[in-house]
1. Against the condition away from chain B (no Cβ under 11 Å), outside any helix (DSSP H, G or I) and touching a Cys at 6+ places or on another chain (Cβ under 7 Å), how does A:Pro457 come out, does it pass?
2. Which fully enclosed strands (runs of 3 or more DSSP E) of the stretch A:141-239 have 1 or more residues being away from chain B (no Cβ under 14 Å), under 30 Å from B:Val397 (Cβ atoms) and touching a residue at least 40 places away in the same chain (Cβ under 8 Å)?
3. What pairs come up if the first residue lies in the stretch B:449-471 and is within 15 Å of B:Asn113 (Cα to Cα), the second is assigned to a strand (DSSP E or B) and of a type in the set (D, E, K, R), and their beta carbons are under 9 Å apart, counting only those six or more places apart or on different chains?
4. Do you know which residues across the stretch B:99-137 are within 14 Å of another protein chain (Cβ to nearest Cβ), touching a strand residue (DSSP E or B) at 6+ places or on another chain (Cβ under 7 Å) and in a helix (DSSP H, G or I)?
5. Scan the stretch B:372-390 for residues that are of a type outside the set (Val, Ile, Thr) and surrounded by 22 or more Cβ atoms within 10 Å (Cβ to Cβ) and jot them down.
6. Would you mind telling me which numbered condition in (1) within 19 Å of B:Ile484 (Cβ to Cβ); (2) within 14 Å of chain B (Cβ to nearest Cβ) A:Glu471 fails?
7. So if I check each of A:Leu574, A:Leu521, A:Leu604, which one is in contact with a helix residue (DSSP H, G or I) (Cβ under 8 Å, 6 or more places away or on another chain) and more than 23 Å from A:Leu671 (Cα to Cα)?
There are 2 protein chains.
Amino acid sequence: MDIASLRAQHPDHWKKACAIRTLTLDAVAAANSGHSGMPMGMADVATVLYEKHLNFDASQPDWPNRDRFILSAGHGSMLIYSLLHLTGDAEFPIEQLKNFRQWGGKTAGHPENFLAKAIETTTGPLGQGIAMAVGFAIAEESLRARWGAKIIDHHTYVIAGDGCLMEGVSQEAIGLAGRHELSRLIVMWDNNGITIDGKVSLSDRTDQIARFAASGWDTFECDGHDPADIDRALTEAKASAKPAFIACKTHIALGSSAQDTSKGHGALTDAKLIADTKAAYGWDYPAFEIPKEVKSAWEAIGSRGAETRKEWEARFAALSDSKQQLFQRQFSCEAPAKLAAVIRAMKKQAVETAPKVATRRASEMVLEVVNPVMTETLGGSADLTGSNNTKTADLGVFDPINRKGRYVYYGIREHGMAAAMNGIALHGGLRPYGGTFMCFTDYARPAMRLSALMHAPVVYVMTHDSIGLGEDGPTHQPVEHLAISRATPNTMVFRPADLVETAEAWEIALSSKATPSVMALSRQNLMPVRKTHTSKNLTAQGAYVLEDATAKRQVILIATGSEVEIAVKAREALEAEGIGCRVVSMPCMELFAQQDEAYRRKVLPAGPVRIGIEAAVRLGGWDRWLLGERGREGKEAFIGMTGFGASAPAERLYAEFGITVEATVAKAKALLG
Amino acid sequence: MDIASLRAQHPDHWKKACAIRTLTLDAVAAANSGHSGMPMGMADVATVLYEKHLNFDASQPDWPNRDRFILSAGHGSMLIYSLLHLTGDAEFPIEQLKNFRQWGGKTAGHPENFLAKAIETTTGPLGQGIAMAVGFAIAEESLRARWGAKIIDHHTYVIAGDGCLMEGVSQEAIGLAGRHELSRLIVMWDNNGITIDGKVSLSDRTDQIARFAASGWDTFECDGHDPADIDRALTEAKASAKPAFIACKTHIALGSSAQDTSKGHGALTDAKLIADTKAAYGWDYPAFEIPKEVKSAWEAIGSRGAETRKEWEARFAALSDSKQQLFQRQFSCEAPAKLAAVIRAMKKQAVETAPKVATRRASEMVLEVVNPVMTETLGGSADLTGSNNTKTADLGVFDPINRKGRYVYYGIREHGMAAAMNGIALHGGLRPYGGTFMCFTDYARPAMRLSALMHAPVVYVMTHDSIGLGEDGPTHQPVEHLAISRATPNTMVFRPADLVETAEAWEIALSSKATPSVMALSRQNLMPVRKTHTSKNLTAQGAYVLEDATAKRQVILIATGSEVEIAVKAREALEAEGIGCRVVSMPCMELFAQQDEAYRRKVLPAGPVRIGIEAAVRLGGWDRWLLGERGREGKEAFIGMTGFGASAPAERLYAEFGITVEATVAKAKALLG
């Protein structure tokens, strides 16, 4: 790599790119932590992207029709912080960069969307960015079809590294993007041949260009340090009718003594190395100082898109009031006023008709009334449409010949689906939900965690939520997955007991602006348990008294989902023997925990024996309600699973694992002594 | 598909394959559940594989040098059950097939390795089989290099469907196999063009042949219903010097009215459909009846490999006694006698030298003494070798030019690594361990769950186990991951506090025959807490009294890992004020829960205030020890995390999130009132 000739050939470009490189070196040195090599390697690509292609306005980084830029290789966060500072984003004054990776700053270790307007996504867990970008591109296609190109018409650019491409989720993303011909998606691969452990070839020899081409992408190559070549490749990629992959040949930690080595991946903090590198760059300024003409040139780039943004605003203002309101509502994640009405009507009807349906079917019934009044929903399933009951009649299928379709066949790609839904939710304007079996929460976990961390209100439709799945056996029977989701911060886990609770859960999930929801739904049909109509959303309280004791209250049965039916029947049996028994339905532990002490005390008073019933492990949050909240050790029990399930019809499994009315009654009596 | 000509051209083959097809139809009908189409579609491929290629002996299905057959498309479990019954495997009499998917049988919904000797792996969660197969192939290469081709020399065959290939983990597996030139790995793709939601093309248009070729595989194609063509392709694949991919063009649910449709994927139970299909097959026998000549032909296949097996036994018997013993020990997963000795010595030395090291470094120190005496270990990391401290000096790197190398650079493939380790463990003869960051447990989850379900004693080295990771921020800081692993049945989660506990944890993990272990290890240096040597493995009790109160015992602090140091210091402060305080170190909740009540009571007596300290969420099992086990609500507290972490140096994070000595002391005093 001949730095001297790069400097000589493109002096203005060189300085702009070096501003990124030196800010990176300075910030990483100040933090004594971070990743220097990637921003140093990709500075040229990023400079050309921002200068010539990316449609953005630093003064309004969140205007709706901006191009999206996603740094999938999130460890190179100083690349994006440098770009935001240089282009004049008000949230990134130089002090932010000086406080890189410190408490309370916006310059977190990895980019975090909830800290700054200009950061589209949270990245760092590798592969997530490229997979979310597919969601952004789906959202763009869908919204362009709905609103017209005058309102939505933009690209999604991704910088991805070898780590992103080695992670399996990238294959799911690539396949999905290729299938849907997402031509506005452009992935720039930081092809530097280096990972943390050494050369990429230590662990992978995949021909990435051939791999992307195999899934229907157009592929391009460029010298990632030659601005003219980068510009050519980006121009060609934008002209492609397919998603575009640009292999940018780069040198990690360019110009430093750590160039082209795995050392260069990490934090370059040695003072001499930094001084030598800056000397090689011809950069003779103090740390964090950017020469005025360079900063001005960057700020001109930052304001380059202001005119385009204003033109868009004029076009938007020309829309009818109702269209503007709809757009604003959908982009601000407000549920429509009609949602409450259709849910209320559905609940009323449910009480009247008392259908004995699986909650997965109940979920479909709810979606049938919700989807028509909430046109921002975008449904889907990871190849279990008929089992997840996620597709309602009116949706239409999203594909290249029907971009208005509101249902995505995600394929056998739980992880890719979850990541795409994150991207769809973060893009704005749409509300994604998608289904798979509850057990395969496992596959989607990295993206589900990001939903929670990123405040993305994705709805996960997780059917077949227990051994009630039956014959498919333990590989498909979740026992620890309620615990997994409940242990995750900022996640609502709903396990509704019947159609009424399912409707209530959907109302909460679809009204959420910053919290994802997991709907744990039964395969098997369930007896309706809500027998009287109330317009109030009882699920919103997390738990409530479903049926109270008539005799003196000696027992409280607390159950969720499919086990509420068991509790109701056990109560009948106990009451028949004169033992007063309350049934508490607890469709959402997180929401119950948020209620005030007085309410919780009302639902779970001290005194009676308590039994929790859930066909899952007790570690899923049960001890708090059984031992805590005025419970007493020795006067409580849990009826659920202690190990993996087995293959057999559901009824047999419930009997064998002792999750039955009889076991509940016997346990209650034993505890009463 | 012209069934008539297939029948006419290959009459003997046809009958054998139809035995699989009709047993599948009959078993699925009897169970009223299952997947008919895949075994019907792949019966020809499986028949040729078993008849002409697979080296096995039905009378001794677990002899060590057999070829491994892995049904990655595990939903087609009737394929393998039919094959096992037909070839005369004693564990699969016809009654087993008649009781397909019923309680207590070996014919579970999906194949389960722990139910029958001939079933190599548990499959069903898609993509796992192909990814485990890479581990089997790694094990074979490694063991062939160690033991010579006279002792280990076999192939690993996989049947994979579109679902397996769409799952991202398959890409990780493909890349790893291609890099390592695993020429004994042969994947047969059931290329039927159908998924549950409809045609594969609904969600994917990937050119699979090009994709595998891009990662260094040799690729082949065949007509999956033409036995001669299948035989040719398998013969060519075996001759390849690379891993081989055979695209077998097949028709799902061949010969039925559901052929080539997504309906054909599921349970074909309609009596007329079954009758019509059998008629088309020219199969005129009652359900579950196999004509004698067909059964005899299959049994001949089943005994075809007996001679080979006996020849192997003779070669094995010619090995020296010590070699035979070593082989037997390693294949039966027995730890060597020396393990206890080196652990004891390390513990003694640790107490003497009291090194202040991170437990990830402690783990490396343990491996440095263990790896030389336990040569069956096969280490690795998902591209975090230097951070996970998984590579010790003497291991050497496993690759095509050094098959004896005992360290695998798995690349940025946590999921693929975990699945490969499952395969390595199930192959037998090796004991895999592999590292990544604890937070990326998420990526590996589906395979980690299978480790537990399959009784595979894999060791997961999960470093950077809390906010102690510091500046990388919340995307890299686990808070719910201890809960996730603890909620998983048959999993030991170790969070050692210092070098002594780390050594003890490794001793337990490496002695385990049927339970995987998760080692949660700190990034940051920790103060040694075990100050006196005892040869007894205290970690094996799960929790123990580390330091007891000198004054009257009013407080019990229970802590794990990096927070034990906080507990020890808080105790000092409390004792200095005359408040008697016990510190309980709890490196493994699962093992403590297994202790008898008397021991648990001794460690956690009733009376004192209890405070749990762990930089993670309380839901990770804490309520049992704080509220239960003689605890009292209102006299307990938990000091840990309630949400995601943040980016900052570790000390700052501990202070900001209130996980400190001061907070502990203050809480104890407040609870004492």
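The values are calculated or read from the model by the stated rules, or taken from the named source; none is laboratory data. It should be emphasised that the depicted structure is a prediction, and the values quoted were computed from it without experimental measurement. All Cβ positions, even for glycine, are placed from backbone atoms using ideal geometry, and neighbour counts span all protein chains on display.
1. yes
2. The qualifying strands (runs of 3 or more DSSP E) are A:185-191.
3. B:Pro457/B:Arg431
4. B:Gly129, B:Ile130, B:Met132, B:Val134
5. Hits for the stretch B:372-390 are B:Glu376, B:Leu378, B:Gly379, B:Gly380, B:Ser381, B:Ala382, B:Asp383, B:Leu384, B:Asn388, B:Asn389.
6. Every condition holds for A:Glu471 apart from (1).
7. A:Leu521
This table checks each residue for (1) charged (D, E, K, R); (2) surrounded by fewer than 19 Cβ atoms within 10 Å (Cβ to Cβ); (3) more than 22 Å from B:Arg624 (Cβ to Cβ).
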position	(1), (2), (3)
A:Ser585	no, no, yes
A:Met589	no, no, no
A:Gly621	no, no, no
A:Leu626	no, no, no
A:Gly643	no, yes, no
